[in-house]
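Structure first, commentary second.
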Amino acid sequence: MTGGGRGHGRGGDGSCGCGPGEGGCGSAAPAAAGEAAAGAGAAGAVVARCTALMQDLRLGSVRAWKERTGGLAVGYMPVYVPREVLHAQGVLPVGIAGGGEMEIIRGDAYYQSYICHIPRSTVELGLDGSLDCLDGMLFPAICDVIRNLSGMWKMLFPGKLVRYMDVPQDFDPSMGGVFWRHEIRSLAEDLAARGARPLEDGALRDSIRAYNANRRRIRDLMELRRREPWKVPTHELYVVLRAGLVLPVEEHTALLDEYREAALADPDRRPLDQARVVVTGSFCEQPPLGLIKTLERAGCYIVDDDFVQVHRWLKGDVREDGDPVENLVRAFLEDSIAHPTRWIDRDRKGEELVARVRESRAEGVLFCAASFCDPALLDQPMIVAAVERAGIPWTGFKFSENTGQFQVIREQAGTFADSIKLWTGAQA
Amino acid sequence: MSEAQVRKDRSQERQKQMIAEHYRRLARCGETGEKNVYTYVPGNLTELMRSFHALPVLPEINALQSGMRGKSRDYIAAAERDGHSEDVCTYVKCDIGMKRSGNVGPTGERLPDPDLLLLSYTGCFTFLKWFELLREEYDCPVVMLHVPYQGDGVITDAMRKYVVDQLREKVIPALEKATGRAYDEDLLRENLARSAKAEDDLVWVLQSARNRPSPIDAYFGGVYYIGPIFSAFRGTEDAVLYYRELREEIEERLRLGKGPVTPDGDMGEERFRVVVEGPPNWTSFREFWKMFSDEGAVVVASTYTKVGGTYDLGFRHDPSRPLETLAEYCMGCYTNLNLPSRVDLLARYVEEYAADGLLVNSVKSCNSFSAGQLLMLREVEKRTGKPAGFIESDLVDPRYFSAANIKNRLESWFQMIEQKRSGGGGR
């Protein structure tokens, strides 16, 4: 069997179909049937708006928000920060997910060749003034590269608020919980010192409500994608989630509603004979949009993934009554996802991914890690072992946020999708 | 043979015997019932472990020993064949490969399986993944000690309390369970007092490099000097004796106006005094060292010799505050310092040790060290006005040691230093 996937033979002119700025897929594959339809109509208009927000590396919407409100805007790196705290203090949290396919001119001079791409594009964005609208940056504890970037940011941008967010690796409320509570309080004090409103319980409860509403919409969309992935293709859902990194949460929630309604109303979104896969490993540096499209065109329905995980780090709602800081702490300790950047104390590595595969009725796993990503790549042998124990087919490849050629990945994913379909058929 | 030579041989011989005896005891754990605990060099809690009569096993030390003994290439290949990425830390892959090849330690005897994995998560994210991987290999308990990073360059009360609470509520109970012994704080205090004595002498030895000529090489020689205190022996009487003897030897070299010992014996004229940032390469350690000593270059201060403790910044283990002092020790290790603090330290070394420049040996395996080093280099150069050099290698993967390339870069850098001295170079 040759690679190339289930997108083959579906007609089209052989062009890659990627839009401007998405990167060429390098595949000569036609767009998957349904993709063009999915991109049209009201849902297409929402997706186009979100794509523009994602690709605006100079953060025009954030600048406009600051002009309109006079508030502070603070950036944060993947994966998780307690955005509710910033929101409650009138600060706009702005997720920074690297520079995508932007040309790197100065950022490369700060990093050796064996370090991943996201810090170099982030430095580039800082140095070229794209992030000058941000009053500060938060660097959560996810790996040594992002950790050290916090120190670099202190040296490069001495006037800005820079905080390393040392999330606890101890999940006992009396230890890690006390520590995390202190970190949250200390963050709030730093923000207040920069002119933000002091953190008050009432405002924080309101913010928790706003983010709970947003998380519920996202969970609903994820569920819809698991059920009917043709209605919510991942290349759309991804940019809709990316828009949430720069928009105020209330606006993003409204946008999620708009997208869902439009996607459900679109009669042209019909099922195809694609393989259902979970894509895992891309939680920090994000793959190019062209790569996500390539996987779909190669015959995969992505029914679960790790993209833009800040929206999904907390699995359920945060309690809205009582002590709101304590509620955020408890949510982090007791209801966050099993993640490569977290110490997994009790469960066996990979169990959560296997459960996600089962819940999403996926037929296989695509390990899709950024090159030189320590958390993902060190995790991978253990997760692969768990997936193999569960008898789930898998394949893997690496990417960089500025990867421009997807031919090899398309062939690999296509072959994988084909083999799943053949294998599933043989078992039937 | 001179008296000094006899003394030198005595400290070296003592270290050799200490290590050999340690590995002998480890190999006999199955028969003797002695317990062992796997942990890491940065943030190691040796005094605490030994207060439970447990023997420490340091996977990084095993990996670097494998590198020096020419074993790491095969071990890494074995791990990569089993699905470990070529992109990640080679210490980890070397350790996994060694385990799957029989877990034979540096003395040729098999290492025991751990009775406890004590994950002191200090200054290196990979540590966390490494012990998750080892947990898959061994059927044994694991205890995690999360050591907060000095993101703002300080240790706060909240950070200290967090670590102390974990020591009291998690680590000590886990050690009690693994060893079957009760926590003995008096014994811990005794161990800590011995640590402080050894630390005094180690600092004296490291700071002897302020003299001209320096009687020591604080990087290539330094890795031998830190051996006992960074590994299994902090808090032991053997360590106290070793460092006392070592200090006497260096005092003697100083009195005689001698430079450091090199792979070819005593060093000749001291032509360059340099500060080095980053770990050494272990697979071609001697060849690497000779690239310096052949040029008359002496490393007068290094950051690698601070990964297991920044004693020269004044920290000493304090027996009067046993758990607090362990917490502060962990948080003060070099790779737990933020980048501005690391730059401050490097600039201070260049000034205080009258160095001619800073060299960064950037190792592929270690993002904790390497990410940000190019900015650090420029900052130190800007502050001190001294030329900085940059080379790349790896810890234990011989595929990433390009001798010709490194030698070329070093020679160019030494030429830059000379030009700078003679007023040229335009820096």
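Rolling a 1.4 Å probe over the protein heavy atoms of chain B, with every protein chain left in place, gives an accessible area that is 45 percent carbon and sulfur. For chain A, with all protein chains in place and a probe radius of 1.4 Å, 51% of the accessible heavy-atom surface sits on carbon or sulfur. Available extension along the chain between residue A:315 and residue A:42 is 95.3 nm, counting 0.36 nm per residue and deducting the alpha carbon span.
When peptides B:201-211, B:412-422 are sorted by average Cβ neighbour count within 10 Å, with the highest value leading, the order is B:201-211, B:412-422.
Accessible surface ranking for B:10, B:28, 1.4 angstrom probe, highest first: B:10, B:28. Computed with a 1.4 Å probe over protein heavy atoms only, the accessible area of residue A:392 comes to about 10 Å².
The distance between label points at residue A:422 and residue B:109 comes to 5.5 nm (points 7 Å beyond Cα on the Cα→Cβ vector). Using label points projected 7 Å from each Cα along Cα→Cβ, tell me how many nm separate residue B:161 and residue A:132, to one decimal. Placing both labels 7 Å beyond Cα along the Cβ direction yields 4.2 nm. With all protein chains in place and ligands, DNA and RNA left out, the 1.4 Å accessible area ranks A:423, A:180, A:65 as A:423, A:65, A:180, largest first.
Counting only alpha carbon atoms, the long axis of helix B:339-352 and the longest principal axis of chain B meet at about 50°. The share of C-alpha pairs in the stretch A:303-428 whose separation exceeds 23 Å stands at 42 percent.
Counting, for every residue in A:139-147, the Cβ atoms of other protein chains within 10 Å of its Cβ and taking the mean gives 5. When both bridge partners sit in chain B, DSSP labels roughly 10% of those beta bridges antiparallel. Dipole orientation for the protein assembly as shown: of the candidates B:302, B:413, A:152, B:413 has the Cα lying most toward the positive pole (charges on Cβ; Lys, Arg +1; Asp, Glu -1). Electrostatic bookkeeping for residue B:104 treats Lys and Arg as +1 and Asp and Glu as -1; over the other residues with beta carbon under 11 Å from its beta carbon, the sum is +3.
By DSSP, the beta bridges lying fully in the stretch B:11-184 are antiparallel in about 10 percent of cases. For residue A:386, neighbours were defined as the other residues whose beta-carbon sits under 11 Å from its Cβ, and their charges (Lys and Arg +1, Asp and Glu -1) total -3. For a test of the definition: using alpha carbon positions, the gyration tensor, and the 1.5 limit on a/c, classify the protein assembly as shown as rounded, prolate or oblate. Prolate, since a/c reaches 1.5 and a/b exceeds b/c.
For the peptide B:328-341, the mean number of other protein chain Cβ atoms found within 10 angstrom of a residue's Cβ is 2.
Counting heavy atoms of the protein chains alone, residue A:313 has an accessible area of about 10 Å² for a 1.4 Å probe. Beta bridges per DSSP, both residues in the stretch B:187-421: antiparallel share near 10 percent. Dipole size of chain A about its Cα centre, with +1 on Lys/Arg Cβ and -1 on Asp/Glu Cβ: approximately 440 debye, rounded to the nearest 20.
The alpha carbon centroids of the stretch A:178-233 and the stretch B:73-150 are separated by 36 Å.
The listed residues B:293, B:101, once ranked by accessible area (1.4 Å probe) with the largest placed first, stand as B:101, B:293.
Using the Cβ-Cβ distance between residue B:313 and residue B:418 with R0 set to 35 Å, the FRET efficiency works out to roughly 0.65. Estimated from helices alone, the mean residue ellipticity of the protein assembly as shown at 222 nm is -15000 deg cm²/dmol (sum of -39500 (n - 2.57) over DSSP H runs with n ≥ 4, per residue).
Relative to the dominant Cα principal axis of chain A, helix A:144-156 is inclined by about 50°.
The Cα trace of the stretch B:187-421 gives Rg and Dmax of 17.4, 56 Å, the first to one decimal, the second as a whole number. Ligands, DNA and RNA excluded, the heavy atoms of residue A:422 present near 110 Å² of accessible surface to a 1.4 Å solvent probe.
Note on the stretch B:201-267 and the stretch A:358-428: Cα centroid distance 52 Å, given to the nearest whole angstrom.
Measuring spread by the Cα atoms of the stretch B:11-184 yields a radius of gyration and Dmax of 16.6, 48 Å. Quick check: from the Cα gyration tensor, does the stretch B:310-427 come out rounded (a/c under 1.5), prolate or oblate? Oblate shape, in that a/c is at least 1.5 and b/c is the bigger or equal ratio.
Considering only A:161, B:232, A:406, and ranking their Cα positions along the charge dipole of the protein assembly as shown that arises from unit charges at the beta-carbon of Lys, Arg, Asp and Glu, the one farthest toward the positive end is A:406. Can you tally the net charge around residue B:212? Count Lys and Arg as +1, Asp and Glu as -1, for every other residue whose Cβ sits under 10 Å from the Cβ of residue B:212. Combined, the nearby Lys, Arg, Asp and Glu give +1. Which lysines, if any, have their Cα less than 16 Å from the Cα of residue B:258, not counting same-chain residues under 8 positions apart? Within the straight-line limit of under 16 Å, residue B:258 reaches these lysines: B:8.
With a threshold of 32 Å on the Cα-Cα distance, the over-threshold entries among A:315/B:170; B:99/B:170; A:315/A:398; A:160/B:93 are A:160/B:93. For peptide A:381-390, the mean count of partner chain Cβ atoms within 10 Å of a residue's Cβ comes to 2. The equivalent ellipsoid that matches the C-alpha gyration tensor of the stretch B:254-334 spans semi-axes of 32, 16, 10 angstrom, in descending order.
The values are calculated or read from the model by the stated rules, or taken from the named source; none is laboratory data. Just so it is clear, the structure is predicted and the values come from calculations on it, not from any experiment. No Cβ is skipped: glycine too gets one built from the backbone with ideal geometry, and neighbour counts run over all protein chains shown. Calculation scope for accessible area: heavy atoms of the full protein, side chains included, ligands and nucleic acids excluded. Shrake-Rupley method; radii C 1.70, N 1.55, O 1.52, S 1.80 Å.
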